[in-house]
Amino acid sequence: MAKTLNFDSTPAGMAPEGWTLTKTGRGQSKWTVEADATAPSKPNVLKQSGQATFPVAIKNDSSVRDGFVEVKFKAIAGLEDRAAGIIWRAKDADNYYVVRANALEDNVVLYKTIKGVRTSLDIVGRKGGYGVSTPVSSGQWHALRCDFTGNRFKVTYDGKQIFEVEDTTIADAGMIGLWTKADSVTLFDELAYGEVK
């Protein structure tokens with residue numbers, strides 16, 4: 001039961017329908033559908049170009065407890081941050097899991113956000129540390145995916161599984177979505193998600 005969203009039916013310059021386009025924290029997110037010649041599925045992408053603590057886009061009618069979420073992203077710009085993330089089990093803009101890739105730090109990190117406070121989670125088999133170092137080049141399309149069942153989350157970046165996390169904080173089904181940080185200008189395409197029985 002997988003769905004793939006490619007934003008191609010929305011006119012460029014418009015916000016996609018069926019989404020809560022918001023943020024965690026302060027500032028103003030700006031989520032718009034834009035034409036992009038490099039889009040993995042042409043012609044359109046979803047672009048975040050606002051500035052907020054964490055710009056968030058939540059898919060309203062989604063509800064997944066055990067399943068996956070995957071997206072293609074391209075980090076374009078950002079001086080403070082240059083990040084792209086996917087969200088799952090979201091209750092709202094202040095409570096969700098997120099895994100994100102950062103082109104300024106060259107790493108992938110998984111967090112929980114509870115009541116608007118973000119905390120990085122330990123990787124299975126390793127205490128401490130901060131995600132996994134991996135090249136995240138700006139101006140190129142990458143793929144980020146998380147498979148989540150029960151308290152176990154498997155993170156895949158550019159087709160390669162890079163780490164797992166265990167956490168029990170949010171056990172219920174929730175919405176999926178997209179995420180950036182600060183002044184990141186990021187493009188998203190081919191957002192896929194589904195439930196695993």
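The values are calculated or read from the model by the stated rules, or taken from the named source; none is laboratory data. What you see is a predicted model; the values in this text were computed from it and never measured. Glycine gets a Cβ as well: all are built from the backbone with ideal geometry, and neighbour counts include every protein chain shown. Only protein heavy atoms, including side chains, enter the accessible area calculation; ligands, DNA and RNA are left aside. Shrake-Rupley method; radii C 1.70, N 1.55, O 1.52, S 1.80 Å.
Give 23/160; 91/154; 91/197; 3/74 a once-over and call out the pairs whose C-alpha atoms are over 25 Å from each other.
Over 25 Å Cα-Cα: 23/160.
If we count every other residue with Cβ under 14 angstrom of residue 150's Cβ, Lys/Arg +1 and Asp/Glu -1, where does the sum land?
It works out to a net charge of -2.
For the chain, modelled as a Gaussian network with Cα springs under 10 Å, which listed residue fluctuates most, 90, 101, 143?
With Cα springs under 10 Å in the chain, the top fluctuation among 90, 101, 143 is at 143.
Given the alpha-carbon gyration tensor of segment 4-44, what are the semi-axes of its equivalent ellipsoid in whole angstrom, ordered largest first, with each equal to the square root of 5 times an eigenvalue?
22, 11, 9
Taking a ≥ b ≥ c as the square roots of the Cα gyration tensor eigenvalues, with a/c under 1.5 meaning rounded and otherwise prolate when a/b beats b/c, else oblate, which class fits segment 68-133?
Verdict is oblate for segment 68-133.
Which one of 125, 174, 13 has the biggest mean-square fluctuation once the chain is modelled by GNM with Cα springs under 10 Å?
Of 125, 174, 13, the most mobile in the Gaussian network model is 125.
If you roll a 1.4 angstrom probe over the protein chains with everything in place, what fraction of the accessible area of segment 51-197 belongs to carbon and sulfur, to the nearest %?
In segment 51-197, the share of accessible area belonging to carbon and sulfur is 48 percent.
Using a cut-off of 13 Å between beta-carbons, work out the net charge of the residues near residue 100 (Lys and Arg +1, Asp and Glu -1, residue 100 not included).
With Lys, Arg at +1 and Asp, Glu at -1, the neighbours total +2.
Between segment 51-103 and segment 132-155, what is the C-alpha centre distance in whole Å?
Going from one Cα centre to the other spans 11 Å.
Once you order the gyration tensor axes a ≥ b ≥ c over the Cα atoms, which shape class does the chain get: rounded for a/c under 1.5, otherwise prolate or oblate by comparing a/b with b/c?
Rounded, because the longest to shortest axis ratio a/c is under 1.5.
On a full-extension model of 0.36 nm per residue, what is the gain between residue 115 and residue 140, subtracting their alpha-carbon distance, rounded to one decimal in nm?
5.7 nm
Within 9 Å, Cβ to Cβ, of residue 65, how many net charges do the neighbouring residues add up to if Lys/Arg are +1 and Asp/Glu are -1?
-2
Straight-line reach from residue 181: which aspartates and glutamates have a Cα under 16 Å away, not including same-chain ones fewer than 8 places off?
80, 81, 94, 105, 106
Taking the Cα centre of segment 109-170 as origin, work out the dipole magnitude from +1 charges on Lys and Arg Cβ and -1 charges on Asp and Glu Cβ, in debye rounded to 20.
Computed about the Cα centre, the dipole is about 120 debye.
Compute the accessible area per residue over segment 71-197, keeping the other protein chains in place, probe 1.4 Å, unit Å².
40 Å²
Report, in debye and to the nearest 20, how large the dipole of the chain comes out about its Cα centre when Lys and Arg carry +1 and Asp and Glu carry -1 on their Cβ.
Approximately 260 debye in magnitude.
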